[in-house]
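The values are calculated or read from the model by the stated rules, or taken from the named source; none is laboratory data. Here the structure is a predicted model, which means the values were calculated and not measured. Positions of Cβ are generated from backbone atoms using ideal geometry, with glycine treated the same way; all protein chains shown enter the neighbour counts. Heavy atoms of the whole protein, side chains included, go into the accessibility calculation; ligands, DNA and RNA do not. Shrake-Rupley method; radii C 1.70, N 1.55, O 1.52, S 1.80 Å.
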Amino acid sequence: MTRFDSLTRRFAGAALLGTLAVPLPSPAAQGDVRDRVLSNGMKIIVMEDHRAPTVASMVWYRAGSMDEKSGTTGVAHVLEHMMFKGTRDNPGDKFSKTIAQAGGRENAFTNKDYTAYFQQLHKSKLPIALGLEADRMQNLVLSDEEFAKEIRVVMEERRMRTDDQPRSLLYEQFNSAAYAVHPYQWPIIGWMNDLENMTVADAREWYRTWYTPNNALLVVVGDVEPEEVFRLAEEKFGPLAARDLPVRKPAVEPPQRGTKRLVVKAPGELPYLLMGWHVPVLRDVGKDWEPYALSVLVGILDGNDAARLDRTLVREQRVAVSAGASYDSVNRGPGMFFMDGVPAAGRTVADLESALRQQLQRVVDEGVSEVELDRIKAQVIAQQVYERDSMFYQAMQMGILENAGLPFDSDEVQSRRVREVTSEQIRDVARRYLVDERLTVAVLEPQSLVKQAGTVPAGHD
């Protein structure tokens, strides 16, 4: 089964304004968002959306790669695979077949902060999806035989998505260098050595530790009545017993003391530059202002085809084939502001780094015009309007916010805070955070494909 895994980020040409969750007032067809907590600690969030007779249902576990231990990196993602291997009542692939027979689709994704499972189907089939999720929350069968098969699938997935992808390799190495102690330094899919030595006992321990209703969140968006969903949730998940969760010790990344640089050599054709600065993330939606300013700064640099990086570096100066910026404002862990790009023919990564730095300095020196600022804010708002067309996206946003410890219903506050961002605040965050002391620079140095092929040992796949 193809999985929708959040295993890698995409950088080139990225216009990630949307990493800041800034929902808007609901259209008339959408009702209020309501929530309830079952007696076993499981939280239920329901949003009415009556534009179509369908529903998006997601079960989130607050357990991702940042909760793993050294030596078993990747176990969160491996367990995600194993969750489709059946229970006593629904053996084998009955889960997926049942959803398919109901006319629905289902999948899962693993992130550094969480693991989530979802179904999209007709509203009348919601009880089926909830029943299946409740069953595998506590009755999963983790057999030695199935684990032995699936761990090989995951290792092959790592080869395809990371080992054979130069930029994925670079991003993996970037995180290893940028984070000295925080578990964000580990790849979500896990180090190959850890996967090779992982056992079914590791997966069982992960399952017993984190897959409990008091560590789970159900988000349902669609043509539903909240009280009926709460009744169904109580019926399906209410009988499940809660378990004590481990104490989550804080993992605080110590201050960086200077620029870190690394070079990654991998088969490829084009060099690639990735620059990342440690920056704050959203912790208080009403009081924080820096994450909103950083998000708007991304829009100034890379919000559309007329944004500064593409217009100046690609079309005018022709120093880059592509250039972008991105920032995740909502994380359980620390944040990172990225700039990246591919130098144009005849230009070097040093030329590109200098050009990117000049764009940041320009923001610090000159600020942002009111016209440009208003245009970017409008674009942020417009993007959220478009994304509101998707029940899946709405469920995603609420799940991400809740897992990060932020209010899932902070729509209007966040929207207002974006509109309040000033040019001076953008200059301030650029001046304060996008400095060498917080910077890690990674360069992809492409190696000849022919030469690399000749160095591969016999028998290597």
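So, in the range 318-335, exactly how many residues are touching a strand residue (DSSP E or B) at 6+ places or on another chain (Cβ under 6 Å), open to solvent by less than 10 Å² (accessible area, probe 1.4 Å) and under 11 Å from residue 352 (Cα atoms)?
Looking only at that region, the number is 2.
Just one of the numbered conditions (1) touching a residue at least 60 places away in the same chain (Cβ under 8 Å); (2) open to solvent by 30 Å² or more (accessible area, probe 1.4 Å); (3) part of a loop (DSSP other than H, G, I, E, B) is not true of residue 263; which one?
It is condition (3) that residue 263 fails.
Consider residue 315 against the criteria (1) farther than 21 Å from residue 383 by Cβ; (2) in a helix (DSSP H, G or I); (3) open to solvent by less than 10 Å² (accessible area, probe 1.4 Å): it satisfies all of them except one. Which criterion is unmet?
(3) is the only condition that residue 315 fails.
For a quick check of your reading of the model, give me the residue pairs whose first member lies in the range 221-234 and is free of Cβ contacts under 8 Å to residues at least 60 places away in the same chain and surrounded by 13 or more Cβ atoms within 10 Å (Cβ to Cβ), whose second is not in a loop (DSSP other than H, G, I, E, B) and not acidic (Asp, Glu), with beta-carbon atoms closer than 8 Å and at least 6 apart or on different chains.
none
One residue is enough: does the range 72-89 have a residue meeting the conditions within 25 Å of residue 223 (Cα to Cα), at pLDDT 95 or above and either open to solvent by less than 20 Å² (accessible area, probe 1.4 Å) or of a type in the set (Lys, Arg) (or both)?
no
Within the range 101-185, considering only helices (runs of 4 or more DSSP H) that don't extend past its boundaries, which have at least 3 residues that are without any contact (Cβ under 8 Å) to a residue 12 or more places away in the chain and over 17 Å from the mean Cα position of the chain (by Cα)?
Once the helices (runs of 4 or more DSSP H) in the range 101-185 are filtered for at least 3 residues that are without any contact (Cβ under 8 Å) to a residue 12 or more places away in the chain and over 17 Å from the mean Cα position of the chain (by Cα), what remains is 144-158.
Given the structure, is residue 249 without any contact (Cβ under 8 Å) to a residue 12 or more places away in the chain, of a type in the set (Lys, Arg) and over 26 Å from residue 174 (Cβ atoms)?
no
So which residues in the range 348-376 are open to solvent by 20 Å² or more (accessible area, probe 1.4 Å), out of contact with any helix residue (DSSP H, G or I) (no Cβ under 6 Å at 6 or more places or on another chain) and within 14 Å of residue 301 (Cβ to Cβ), if there are any at all?
357, 358, 361, 362, 366, 372, 375
What residue, among those in the range 407-440 that are among the aliphatic types (A, V, I, L, M) and open to solvent by 10 Å² or more (accessible area, probe 1.4 Å), is farthest from residue 256 (Cα to Cα)?
413
Yes or no: the range 289-297 includes at least one residue that is surrounded by 15 or more Cβ atoms within 10 Å (Cβ to Cβ), under 20 Å from the mean Cα position of the chain (by Cα) and in a strand (DSSP E or B).
Scanning the range 289-297, I find no residue that is surrounded by 15 or more Cβ atoms within 10 Å (Cβ to Cβ), under 20 Å from the mean Cα position of the chain (by Cα) and in a strand (DSSP E or B), so the answer is no.
On the basis of being within 26 Å of residue 336 (Cα to Cα), in contact with a helix residue (DSSP H, G or I) (Cβ under 7 Å, 6 or more places away or on another chain), open to solvent by less than 40 Å² (accessible area, probe 1.4 Å) and of a type in the set (A, V, I, L, M), does residue 189 make the cut?
The answer is yes for residue 189.
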